Amino acid sequence: MNTRRQPGLLRVAPLVLVLGSWALPAIAADLPSAAALPAMLAGAQSSALDAVIDVRRPETRGVAVLAITPGGNADRMGMRVGDRLLAVNGRSLTDTLEPNAVMQAALAQGGAIRATVSRDGQVLELSDTAPVERSTPPPSGCGYVSNRGTLPHVSDRLYPVEIISIDGGGLPIDANRHRLPAGMHAITVAERIESIRFNPVELRMREQLLRREGARAAKTVVVEVKPGTRHLLGARFLDDGLDGDRIRRNAYWEPVVWKDIADDCR
């Protein structure tokens, strides 16, 4: 997978992600510049934690674990996708306005990693000094994710997406498909629902949402990439009972894997 990276950015740094050139015609001129967009994800696939953590905004419940590298430190510690990360190496992530900065500082210490997570209402203490036995071997092989394909708009309310980030990395190069190792991956996408699907009032509210939220209006779907499979991504338009409140809350769409097709990967 090839990505375009901004000079001076490290893989473990919080990444500023832009919505890209495939912008909605009605709002393209109103999108904020890259410098104005907030950090989206902590891309920790190559960091000491070996996980992708959502640090888009402060969260008193803890920041969400979106994906984990099989066999990496987070996996060995027993961390799971869906856990809420409360603290790393004694540094709290629940009482800060800048969880991305706290995360970087905590991991910069080096050495053993200690993490406090919330899972199913319980607070757990995890450490890489006490690895958890793996119940199943890590997946092997590779597959693909793609935002291309003929979408069944009418029957399933499916519309295109733009892939903004893969596992917290830089903005991917526009491609027919993106090759990934088998396993769990966090794919961040922006909806590209046709403007004609909204009435004038709804369209104006949507434009306001995208101007206000910028890159935070994108959503992340965790995809289990299977060997020899291409996973097609789209946006499901939740237009049944659509109203202004749902648009303001960015609750009018969801990212989905709408189809899996066989595709040999070597």
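Remarks
- Consider the range 217-266 and keep the residues that are polar (S, T, N, Q) and on the phi < 0 side of the Ramachandran plot. The one that is surrounded by the fewest Cβ atoms within 10 Å (Cβ to Cβ) is T229.
- Listed by first and then second residue, the pairs with beta-carbon distance under 8 Å, at least 6 apart or on different chains, first residue in the range 244-258 and farther than 21 Å from I163 by Cα and touching a residue at least 24 places away in the same chain (Cβ under 8 Å), second hydroxyl-bearing (S, T, Y) and buried (at least 21 other Cβ atoms within 10 Å of the Cβ), form an empty list.
Let's see how each residue does on (1) basic (K, R); (2) surrounded by fewer than 18 Cβ atoms within 10 Å (Cβ to Cβ); (3) at pLDDT below 95:
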| position | (1), (2), (3) |
| --- | --- |
| G143 | no, no, no |
| T150 | no, yes, yes |
| H153 | no, yes, yes |
| P181 | no, yes, yes |
| T188 | no, no, yes |
| I196 | no, yes, yes |
| P200 | no, yes, no |
| R204 | yes, yes, no |
| E213 | no, yes, yes |
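- Those residues of the range 229-248 which are basic (K, R) and over 18 Å from the mean Cα position of the chain (by Cα), in sequence order: R230, R246, R248
- Looking only at the range 157-179, and only at residues there that are at pLDDT 90 or above and surrounded by 20 or more Cβ atoms within 10 Å (Cβ to Cβ), the one that is nearest to G143 (Cα to Cα): H178
- Residue that is under 27 Å from V65 (Cβ atoms) and not small (G, A, S), where the choices are V201, V189: V189
- Top-ranked residue in the range 75-100 [being touching a helix residue (DSSP H, G or I) at 6+ places or on another chain (Cβ under 7 Å) and part of a loop (DSSP other than H, G, I, E, B); ranked as farthest from D128 (Cα to Cα)]: T96
- Scan of the range 115-141 for residues that are over 30 Å from T229 (Cβ atoms), modelled with pLDDT under 90 and surrounded by 13 or more Cβ atoms within 10 Å (Cβ to Cβ), ordered by number: S127, D128
- Yes/no for G168 being part of a loop (DSSP other than H, G, I, E, B) and out of contact with any Phe, Trp or Tyr (no Cβ under 7 Å at 6 or more places or on another chain): yes
The values are calculated or read from the model by the stated rules, or taken from the named source; none is laboratory data. Only a predicted model underlies this, so the values are computations on that prediction, with no experimental measurement involved. Here Cβ is always computed from backbone atoms with ideal geometry, including for glycine, and neighbour counts include all displayed protein chains.
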